[in-house]
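The values are calculated or read from the model by the stated rules, or taken from the named source; none is laboratory data. If you're wondering where the values come from, they're calculated on a predicted model, not measured in any experiment. Methodologically, a virtual Cβ is constructed for each residue, glycine included, from the backbone with ideal geometry; neighbour enumeration extends over all protein chains shown. Only protein heavy atoms, including side chains, enter the accessible area calculation; ligands, DNA and RNA are left aside. Shrake-Rupley method; radii C 1.70, N 1.55, O 1.52, S 1.80 Å.
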Amino acid sequence: MFDGYDSCSEDTSSSSSSDESEEEVAPLPSSLPIIKNNGQVYTYPDGKSGMATCEMCGMVGVRDAFYSKTKRFCSVSCSRSYSSNSKKASILARLQGKPPTKKAKVLQKQPLVAKLAAYAQYQATLQNQAKTKAAVPVEGFSWGNYINSNSFTAAPVTCFKHAPMGTCWGDIAEGVRVEVPNTDCSLPTKVFWIAGIVKLAGYNALLRYEGFENDSSLDFWCNICGSDIHPVGWCATSGKPLVPPRTIQHKYTNWKAFLVKRLTGAKTLPPDFSQKVSESMQYPFKTSMRVEVVDKTHLCRTRVAVVESVIGGRLRLVYEESEDKTDDFWCHMYSPLIHHIGWSRSIGHRFKRSDITKKQDGHFDAPPHLFMKVKEVDAAGEWFKEGMKLEAIDPLNLSAICVATVRKVLADGYLMIGIDGSEAADGSDWFCYHATSPSIFPVGFCEINMIELTPPRGYAKLPFKWFDYLRETDSIAAPVKLFNKEVPNHGFHVGMKLEAVDLMEPRLVCVATVTRIIHRLLRIHFDGWEDEYDQWVDCESPDLYPVGWCQLTGYQLQPPAPQSSRDSQSSSSKQKKKAKSQQYKGHKK
């Protein structure tokens, strides 16, 4: 793991006393690579221990590759240039950021420390100038600050099997070491140092440079899947210099002994981690693919839509008849709302035929194998029948679980469900759920789990009692054994933070919190908004993502609502309760 770096010339016994006081590294799960000491160690590029800095051009490199016995220069030309008095005058000028002139005076030989000090001063001047010229940035949302200031916990990446790295996250945990850019450094080249994970929040990790021990002053958040995060050993194989942060560079007299002690036996990322990240962000759906998707204006039917863009596995679908491409619908590629061309006809689902008689140039049908498969069901025996009663999440008000009825039984286990008391006369708001859907429940589910059941609109006999309602409507409850009772070990806990789609306006991904867990059902609260905007979502929903997903994929994250928005939505909700709409688009954000 340490190959590519030369052993230090100093004896390991010369390390400072603080080396001996280091705490033992806590053992981590064994599936991650273990850092081994094979005699090659990381060293501080101080010009004599493994790495060197050219006194002519300032380049940092491997010491053994430098020219001459003294290893002061990176090449023959730098050595010869330095020996010329006419060049000596230009060295300090270059370090100070001034172009050398032909009339430059001959200066006395400057030690390297003086030159680096001059360069550091020049860099500081540039930074101060940049600060005065830079525009004040717009105040943005930071997951790191949000979690730190409130001591929040985020749902682990392993809870999201559909997300990048969701199935191969492994044992990345607190204590894992990585190589990251060293921002506490004034050298002209990009250098790195080793840091340990102090806290994980989804993809985001709070890192602390090695050597800071309990000092959190320079801790920083970063996305662990970012391009600048590498396993220990990457610098060795890539020829990149490792430089201790300036704040602690004088803390230890023997960095070799310190690093050997801190890193031997610790865990790091797998060597192919970045490759796995890249592979997990390859999506099979491509632009111009045609699919069948729910019609957001008439939930009872589907329409043909074309994939306009793919971001992090989320698809922006434009309905095929939309000439200006503004009539769109957002969903994940694993959403139960999209299907291959011909699906509706195969199961007997209503379908809106397109006025476009033939495919447009470049458009092609998405292969059926790209879509999520539903479990096979046996409808030959006891099965759902029209008129049976059940409880279902209202697709037009996802905060409510309502009294519902099976309105039609389709092929392959699909059902058309209607919400009692609010159905359109033509059935245009019936919604298609599969029999194994986690969004439908047997009669009595809400009562058993102490969830408020929304009775039919206009039903006066309150509190609602299923026994009375079934007798009054002369109907029967769907048998309990027909429902999906599987509860995976999902890993979610109440209070965990995540990024979640607002399914009433599915182009938005928002900062959210898990507030209730009923078996596999999660109550998702959108931070900064009132509880009436909460949504019931399945634990395996492809519309839930780890903290940092938006940053990783380039999707825009909606931050918590500010106080002004909370005040306005609070007053409006008191005046008028949320009206049901025939579209998957709410008025909330």
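Between Glu213 and Thr237, full extension at 0.36 nm per residue minus the direct alpha carbon distance yields a gain of 5.9 nm. With all protein chains kept in place, the per residue accessible area of the range 491-557 amounts to 28 square angstrom at a probe of 1.4 angstrom. In this simple spin-label model, placing a label point 7 Å from the Cα along the Cα-to-Cβ direction at both Ser475 and Thr515 gives a separation of 2.9 nm.
A 1.4 Å probe run over the range 330-436, with the rest of the protein chains in place, finds 48 Å² accessible per residue. Ellipsoid fit via the Cα gyration tensor, the range 441-483: semi-axes of 18, 15, 8 Å, each the root of five times an eigenvalue, largest first. Here Arg353 and Glu323 are evaluated by their C-beta separation; at R0 = 22 Å the FRET efficiency comes out at 0.80.
If you take the Cα centroid of the range 506-528 and the Cα centroid of the range 279-317, the two points sit 23 Å apart.
Using a simple spin-label model with pseudo-atoms 7 Å out from Cα toward Cβ, Asp228 and Asp412 lie 4.7 nm apart.
In summary, the convex hull built on the alpha carbon positions of the range 346-479 has an orientation-averaged projected area of 10.9 nm². Using the Cβ-Cβ distance between Lys385 and Asn150 with R0 set to 35 Å, the FRET efficiency from 1/(1 + (r/R0)^6) comes to roughly 0.10.
Each principal axis of the range 157-280 carries a Cα extent, and these read 47, 30, 27 Å when sorted largest first. Counting only protein chain heavy atoms and rolling a 1.4 Å probe, the accessible areas of Lys485, Lys256, Lys352 rank, largest first, as Lys485, Lys352, Lys256. Each residue of the range 508-522 is assigned a 3J(HN,Hα), and the resulting list reads 9, 10, 10, 5, 9, 9, 7, 10, 8, 9, 10, 6, 9, 8, 10 Hz, derived from the Karplus form 6.51 cos²θ - 1.76 cosθ + 1.60 (θ = phi - 60°), x at Gly and Pro.
Between Arg457 and Lys373, how high is the FRET efficiency from 1/(1 + (r/R0)^6) when r is the Cβ-Cβ distance and R₀ = 35 Å? Nearest 0.05. Computed FRET efficiency for Arg457 and Lys373 comes out at 0.45. What separates the Cα centres of the range 450-464 and the range 361-402 is a distance of 25 Å.
This model, with +1 at the C-beta of Lys and Arg and -1 at the C-beta of Asp and Glu, gives the range 496-558 a dipole about its Cα centre of some 240 debye. Give the carbon-plus-sulfur fraction of the accessible surface of the range 205-254 in %, rounded to a whole number; probe 1.4 Å, heavy atoms of protein chains only. Within the range 205-254, the accessible surface is 47 percent carbon and sulfur. Residues of the range 488-514 with backbone nitrogen within less than 20 Å of a virtual label 7 Å along the Cα-to-Cβ line of Glu308, please, listed as ranges. So the set is 501-510.
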